[in-house]
């Protein structure tokens, strides 16, 4: 088993909870703004370890939600 299998398992669980709410799920304005800031800063200079970890977590969460939304669409 790889981490990607785990992502798929979690996405599958999320997809069946409430597909309508899941499809409408999006980051708050503050979270989106922070993510955009980190992404822009990463293009200009290396991020601090803390910032890199934070950006990595956002990326993982985005991947999980995207996988869950794909599964929800196919389960409808």
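The values are calculated or read from the model by the stated rules, or taken from the named source; none is laboratory data. These figures come from a predicted structure and were not determined experimentally. Reconstructed Cβ throughout: ideal geometry from the backbone, glycine too, with neighbour counts over all protein chains shown.
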* **Test: residue 55 is modelled with pLDDT of 85 or more and over 26 Å from residue 75 (Cα atoms)** => yes
* Asked: touching a helix residue (DSSP H, G or I) at 6+ places or on another chain (Cβ under 6 Å), at pLDDT 90 or above and more than 18 Å from residue 4 (Cα to Cα): does that describe residue 35?
  -> yes
